[in-house]
Amino acid sequence: MTKITAAITAVGKYVPDYILTNKELETMVDTNDEWITSRTGIKERRILKEEGKGTSYMAIKAAENLLKKSNKNPLEIDLVIVATATPDLPVASTAAYVATEIGATNAFSYDLQAACSSFLYGMSTASSYIESGRYKSVLLIGADKMSSIVDYTDRATCIIFGDGAGAVLFEPNNEGLGLQDEYHRSDGGGREFLKIDAGGSILPTSEETLKNKQHSVHQEGRTVFKFAVSNMADVAEKMLTRNNLVKEDIQWLAPHQANNRIIEATANRVGLESDKVMVNIHKYGNTTSGTLPLLLADYENQLKKGDNIIFAAFGGGFTWGAIYLKWAYNTLN
Ligand code: UT7
């Protein structure tokens, strides 16, 4: 019997219209375009400005974009996973709302949270359901409204993050395409370096926590950078060595978009030239769970059936990992 593999069969995206440029940030905090560009590679990011709209708004738009492009029927989706660090509401599942709104009324749904690795781990989860034969159609959405947890007076974080969402559909494949291998790690010792202090079960919201601005994301950038550089490169390299691949076998590297210097270090370790590295950090900054699916949506027209893609991500927790996936379709323009 042929082994069932889990392939990505459609992608979609959404980013808000509002563009927050480095120039505008110069008017908000003590920073400048030159510093941001040379230290991170970011030129601008998108911000969801409209009041009352949360992460689900972008997730729904990305999913609808996928459904429209691919002509897939939402009633045939078995499961909707929303990878996010910024759910609409604490407790109530964002994915449940998204599934209902897009008409995936035969699906069950839940959120998956592993900071910037949420989407990568979601790829593992979605694929496992497909490979086991349990489900035939899993919609995985990566969406984050980072602007809702960023302190726009903190120059160490506000220059990095942006809002956005991407969606992919996983379905069974009998040609051996789709997810081939993965290697995921985590280290709880990292949680001190990238976190929101208050609003969780350790330090619930109080007047004090609001006064102390403990509800925004805070990071020790240099420490996170150091761990991200070495770990993302390590796991990406592992995908090659473990699968007997040489750099010529790899068509694309799809790295989490946190800092261009981390992306370059990962590409260098696996020996890939810049034309094989997916990059959109200059346009969107770090959209957390949105980075990987936004890359796929932006590069979809260049991807060919059978292309070998290495995904890698690193995020709060710490969490990190890599996936080796064979692309399953050619895009008809
Ligand atoms: O996606 C989840 C994982 N997150 C990451 O991977 C982020 C990893 N970290 C980073 O990307 C980088 O550490 C940052 C972009 C956050 C910071 O870059 P850096 O090269 O690590 O800068 P730094 O924090 O070491 O600061 C260098 C200098 C400092 O000044 P002094 O002490 O040398 O005088 C900072 O105060 O740059 C200063 N600085 C800034 N200057 C202008 C920090 N932020 C800014 C800023 N504009 N926005």
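Quick notes on this one:
- Here the spin labels are modelled as points 7 Å beyond Cα on the Cα-Cβ line, and at E24 and N330 they lie 4.1 nm apart.
- Dimensionless Rg/Rh of the range 179-326 - Kirkwood Rh, Rg from C-alpha atoms: 1.04
- Relative to the globular-protein estimate of 2.2 N^0.38 Å, the Cα radius of gyration of the range 143-216 stands at 1.63.
- Sequence of S127, S147, S132, S206 when ordered by accessible area, the most exposed leading, probe 1.4 angstrom: S132, S206, S147, S127
- Gyration tensor (Cα) of the chain, equivalent ellipsoid semi-axes in angstrom: 30, 24, 18
- Relative contact order (percent, whole number), the range 5-176, Cα cutoff 8 Å, 6+ residue spacing: 34 percent
- Looking at the chain, the DSSP beta bridges with both ends there are about 70 percent antiparallel.
- Taking a point 7 Å from the Cα of A156 along the Cα-to-Cβ direction, none of the residues of the range 247-265 has its backbone N closer than 14 Å to it.
- For the range 252-321, alpha-carbon Rg over 2.2 N^0.38 Å: 1.05
- For the residues N268, N212, N286, a GNM of the chain with alpha-carbon springs under 10 Å puts the largest fluctuation on N212.
- Gap separating the Cα centres of the range 266-333 and the range 193-214, nearest whole Å: 33 Å
- 23 Å tail of the calculated P(r), the range 5-176, as % of Cα pairs: 42 percent
The values are calculated or read from the model by the stated rules, or taken from the named source; none is laboratory data. All figures in this text were calculated on a predicted structure; none of them were measured in a lab. Neighbour counts are summed over all protein chains in view; Cβ atoms, including those assigned to glycine, are modelled from backbone coordinates with ideal geometry. All accessible areas refer to the heavy atoms of the entire protein, side chains included, with ligands and DNA or RNA removed. Shrake-Rupley method; radii C 1.70, N 1.55, O 1.52, S 1.80 Å.
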